[in-house]
1. Mind listing whichever residues of the stretch 122-140 are farther than 17 Å from residue 67 by Cα, assigned to a helix (DSSP H, G or I) and in contact with a strand residue (DSSP E or B) (Cβ under 8 Å, 6 or more places away or on another chain)?
2. Output the helices (runs of 4 or more DSSP H) that fall wholly within the stretch 144-239 and possess 2 or more residues being surrounded by fewer than 16 Cβ atoms within 10 Å (Cβ to Cβ), or say none.
3. I'm checking my understanding of the structure. Among residues of the stretch 86-107 that are more than 16 Å from the ligand (Cβ to nearest atom), in contact (Cβ under 8 Å) with a residue 12 or more places away in the chain and outside any loop (DSSP other than H, G, I, E, B), which one is farthest from residue 4 (Cα to Cα)?
4. Which count do you get for residues in the stretch 8-56 that are at pLDDT 95 or above, surrounded by 15 or more Cβ atoms within 10 Å (Cβ to Cβ) and either more than 24 Å from the chain's Cα centre (by Cα) or away from the ligand (no atom under 14 Å from the Cβ) (or both)?
Ligand SMILES: NC(=O)c1ccc[n+]([C@@H]2O[C@H](COP(=O)([O-])OP(=O)(O)OC[C@H]3O[C@@H](n4cnc5c(N)ncnc54)[C@H](OP(=O)(O)O)[C@@H]3O)[C@@H](O)[C@H]2O)c1
């Protein structure tokens, strides 16, 4: 019997399916529903899991039902699900910006609702996943889902008020970091390395630094100080970053993304 269902198998739906399978779920414990035909065929063939268009079937076999459609498709889906959801089902919404109160206003105040905010790295089991629940979800159900999601990355239980901050931090954060990486590759090319070697080196510099930080359990500023010798090259470069208010710009970028997430939230 399927335990988990996903409605919507786009980018995030597929990432969750991949993560769940890698985490040890059997193919027959996952079922999905996807409106786009070619996408449905691709998911079925690639992951060998079954699908259904029938939401009544889906709610009767699966306990945990992940909603992974775009927020603009949510209302229609929630209205179709509303008469079918029973106290056996736990609705797990991954839809950005949709508050639990909005979901419950359509699904019914008795519906068990968990809200998660994952990022795409769940596909490689290195995601960051915020989670919160309404009071209808019992401890056993909540712990089961947390434990399941822990196989896909770092699970952080948060008050719902912090979900917009998490959207900025874990959702947009990777893009900010990649923007820095682009700059680093361009700097390498400017200094004469080929684009390919600049990229390969930048990748290793970043992964090596992260590994070192983790293995020595150091705060970034402590490790950075270790690399900054008096009168050396690093301090001269860092002085430029300070002059350009590098850290301030990063903080402002996150704050702006959070404000945008709050504005889009309903
Ligand atoms: N991508 C991310 O990094 C990320 C991160 C956090 C949260 N999320 C959330 O995850 C959700 C999905 O995002 P995504 O990037 O995966 O979007 P996506 O690639 O567009 O995937 C959604 C899929 O669901 C299908 N769909 C729409 N209505 C459906 C229905 N009633 N039943 C079954 N399938 C349906 C869509 O088909 P059509 O294209 O034909 O409509 C599409 O194939 C969004 O709410 C988003 O906020 C995404």
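1. Across the stretch 122-140, there are no qualifying residues.
2. Hits in the stretch 144-239: 173-190, 195-216, 220-227.
3. Taking the candidates together, the pick is 104.
4. Looking only at that region, the number is 6.
The values are calculated or read from the model by the stated rules, or taken from the named source; none is laboratory data. Predicted model only: the values in this text are computed from it and were never measured. Because the Cβ atoms are built from the backbone with ideal geometry, glycine has one as well, and the counts that use them run over all protein chains shown.
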